[in-house]
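Quick notes on the structure that follows.
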Amino acid sequence: MDQKKTQHHNSPESSWHRETRVLHDGWHPESAGEPVVPSWEPSTIFRHPSGGLSADSWSYTRLDNPNRAQLEKTLAGIEGGSDAVTFASGMAAVQAAFHILAPGDHVLLPDDLYHGVRNLIRDQYARWGLTFDFVDMTSVEKVREAATERTRMIWLETPSNPMLKISDIAGLTALAKENNCISVLDNTWSTPVIQRPVEQGVDIVLYSTTKFIGGHSDALGGALVVGNSGNHTEISAELRKFQAQAGSVPSPFDCWLLLRSLKTLYARIKTQCANAQLIAGRLRGHHAVEKVYYPGLQDHEGQEIASRQMDMPGSMISFQVRGDMAAALRVVNAAGLIIPATSLGGVESTWEHRKTSEYAESPTPENLIRLSVGIEHPEDIWQDIVRSLEALFHKSG
Ligand code: PLP
């Protein structure tokens, strides 16, 4: 097997736009006979050089692998980060981020966020000694008031899952710096196509690559992209150490799939956002819909901040139907095109009754449906929504 450096020979042109780099950073053939598509490298072990192992040699796939290196290089490049460290799932990436902290440290998190993060910190890290508070992050002032002298991390998720609350990234990052805290932003819903937190000073950008980065609902993964702030080298070293030691790494094949998916990221996201903007506007005018949560709507609470920090409003829409939980479930199950399924970010439109996917005490309204808009023709998606909403006026069988 070639030495690592030959895998990185294809250095990108720094003048290239992200739309170009996403296709060429990870792999670009240079000599005759090289494949245009990178090879999948399933071997877990690599023959050592005669002089013994060095930082420049491949050795063992838990520590490093060509497909993983290609994926990490591409993710760091499109984010404008100093490094990208990948994991076996989004939650494994969340775990690695919490592991930078020490028992006794305090974390501030948004009051609306992916329920898995809430569960992980409550069920695992409280026992392990982290303290934490959930706070309304639509207000920088409220976060300032909630910070204590033990606060070491401010966790952002904007737009939040599932209520699409918007927080001011620049304001909260500045607050984190003032308080000597690490800022982490879960950018799973936006991807660097829409929102680039590193440019706003965020220390660590988190992805469940299972969602939009993968885009085809066929590969689990997570990533932490490290920014360029003062202590980025230390953060990166900690994360790399945790990745190698704890070993919750993505498989080479999943990395290969994710790198392939990244090639269409910009095209997919632009189509999904255009479809979502049209559908959110129409949902808002539909008599069977009580409320729509989408940052591209003028009357969305966070619209002004969203328009400053997001290039497009995304393709996730939450809405409450006129009716109760049973009514919302009837709508979800009435769809013919939109697939009732959890997760998000795939090319096929999916939706779910969100509260039953979370946990019994979740604050999510019981008549809320979360829709992930795909790349189908928007009129087909809309017609399916209209037909499904009619289920509200039929009695359940
Ligand atoms: N962050 C967000 C915003 C998510 O929506 C999810 C999963 O739905 C995760 C993190 C966790 O990712 P994974 O399911 O890949 O572990």
message: Could you list, ordered by first residue, the pairs with Cβ atoms under 9 Å in which the first is in region 353-370 and aromatic (Phe, Trp, Tyr) and the second is open to solvent by 10 Å² or more (accessible area, probe 1.4 Å), at least 6 apart or interchain?
response: Tyr359/His115; Tyr359/Arg118; Tyr359/Asn119
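Out of everything in region 195-220 that is on the phi > 0 side of the Ramachandran plot and touching a helix residue (DSSP H, G or I) at 6+ places or on another chain (Cβ under 9 Å), what residue ends up being nearest to the ligand (Cβ to nearest atom)? Quick ask: steps written out before the conclusion?
Taking region 195-220 first, the residues on the phi > 0 side of the Ramachandran plot are 201, 215, 217.
In the following step, the residues that additionally are touching a helix residue (DSSP H, G or I) at 6+ places or on another chain (Cβ under 9 Å) were identified as 201, 215.
Details: Gly201: 21, Gly215: 13 Å.
So the residue we want is Gly215.
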message: Need pairs with beta-carbon distance below 7 Å; first residue modelled with pLDDT under 95 and within region 225-250, second among the small types (Gly, Ala, Ser) and surrounded by fewer than 18 Cβ atoms within 10 Å (Cβ to Cβ); sequence gap 6+ or separate chains.
response: Ser229/Gly201
- request: Could you please let me know if Leu156 is within 16 Å of the ligand (Cβ to nearest atom), without any contact (Cβ under 8 Å) to a residue 60 or more places away in the chain, open to solvent by less than 10 Å² (accessible area, probe 1.4 Å) and closer than 17 Å to Phe98 by Cβ?
  value: yes
task: Return yes when Arg127 is loosely packed, with under 14 Cβ neighbours inside 10 Å and in contact with a strand residue (DSSP E or B) (Cβ under 8 Å, 6 or more places away or on another chain) and no when it is not.
output: no
task: Quick one: in region 226-267, of everything that is more than 19 Å from Trp27 (Cα to Cα) and charged (D, E, K, R), which residue is surrounded by the fewest Cβ atoms within 10 Å (Cβ to Cβ)?
output: Glu234
Unmet requirement for Ile375, which otherwise passes all of (1) open to solvent by 40 Å² or more (accessible area, probe 1.4 Å); (2) more than 19 Å from the chain's Cα centre (by Cα): (2)
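Going by the structure shown, is His216 within 30 Å of Met325 (Cα to Cα), open to solvent by 40 Å² or more (accessible area, probe 1.4 Å) and part of a loop (DSSP other than H, G, I, E, B)? Steps first, answer last, please.
Details: within 30 Å of Met325 (Cα to Cα): yes; open to solvent by 40 Å² or more (accessible area, probe 1.4 Å): yes; part of a loop (DSSP other than H, G, I, E, B): yes.
Judged against the criteria, His216 is a match.
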message: Going residue by residue through region 28-40, is there one that turns out to be assigned to a strand (DSSP E or B), assigned by TED's automatic domain parsing to the domain that holds Thr210, at pLDDT 95 or above and out of contact with any Cys (no Cβ under 6 Å at 6 or more places or on another chain)?
response: no
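Can you pull out the residues in region 75-97 that are within 14 Å of the ligand (Cβ to nearest atom) and of a type outside the set (Phe, Trp, Tyr)? Outline the logic, then answer.
The first filter runs over region 75-97 and keeps only residues within 14 Å of the ligand (Cβ to nearest atom), leaving 86-97.
If the condition is that a residue be within 14 Å of the ligand (Cβ to nearest atom) and of a type outside the set (Phe, Trp, Tyr), then Thr86, Ala88, Ser89, Gly90, Met91, Ala92, Ala93, Val94, Gln95, Ala96, Ala97 are the ones that fit.
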field: Residues (under 28 Å from Phe134 (Cβ atoms), out of contact with any helix residue (DSSP H, G or I) (no Cβ under 8 Å at 6 or more places or on another chain) and of a type in the set (Asp, Glu)) located in region 59-116
entry: Asp105, Asp111, Asp112
- line: Residue hits (region 268-291; assigned to a helix (DSSP H, G or I), open to solvent by 30 Å² or more (accessible area, probe 1.4 Å) and either touching a residue at least 60 places away in the same chain (Cβ under 8 Å) or not assigned by TED's automatic domain parsing to the domain that holds Ala306 (or both)) are Lys270, Thr271, Ala274, Leu278, Arg282
message: From the list Ala360, Ala327, exactly one residue is farther than 24 Å from Leu258 by Cα, among the aliphatic types (A, V, I, L, M) and at pLDDT below 95. Which is it?
response: Ala360
Which numbered condition Val107 misses (of (1) over 22 Å from Trp256 (Cβ atoms); (2) among the β-branched types (Val, Ile, Thr); (3) buried (at least 23 other Cβ atoms within 10 Å of the Cβ); (4) within 15 Å of the ligand (Cβ to nearest atom)): (4)
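Every residue, every condition in (1) of a type outside the set (Asp, Glu); (2) open to solvent by 50 Å² or more (accessible area, probe 1.4 Å), yes or no:
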| site | (1), (2) |
| --- | --- |
| Ser15 | yes, yes |
| Glu30 | no, yes |
| Trp58 | yes, no |
| Arg68 | yes, no |
- prompt: Scanning for something modelled with pLDDT under 95 and either polar (S, T, N, Q) or more than 16 Å from the ligand (Cβ to nearest atom) (or both), does region 345-356 turn up at least one residue?
  reply: yes
- prompt: Taking Ser343, is it assigned to a loop (DSSP other than H, G, I, E, B) and either touching a strand residue (DSSP E or B) at 6+ places or on another chain (Cβ under 8 Å) or crowded, with 21+ Cβ neighbours inside 10 Å (or both)?
  reply: yes
- request: Residue by residue through region 292-302, note down the ones that are touching a Pro at 6+ places or on another chain (Cβ under 6 Å) and either in a helix (DSSP H, G or I) or open to solvent by 40 Å² or more (accessible area, probe 1.4 Å) (or both).
  value: none
query: Quick check: is even one residue across region 114-124 away from the ligand (no atom under 15 Å from the Cβ) and either closer than 21 Å to Thr209 by Cα or open to solvent by less than 10 Å² (accessible area, probe 1.4 Å) (or both)?
result: no
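The values are calculated or read from the model by the stated rules, or taken from the named source; none is laboratory data. Computed from a predicted structure; not experimentally measured. Every residue, glycine as well, gets a Cβ built from its backbone with ideal geometry; the counts of neighbours run over all protein chains shown. Each accessible area value is taken on the protein alone, full model and side chains, heavy atoms only, with ligands, DNA and RNA left out. Shrake-Rupley method; radii C 1.70, N 1.55, O 1.52, S 1.80 Å.
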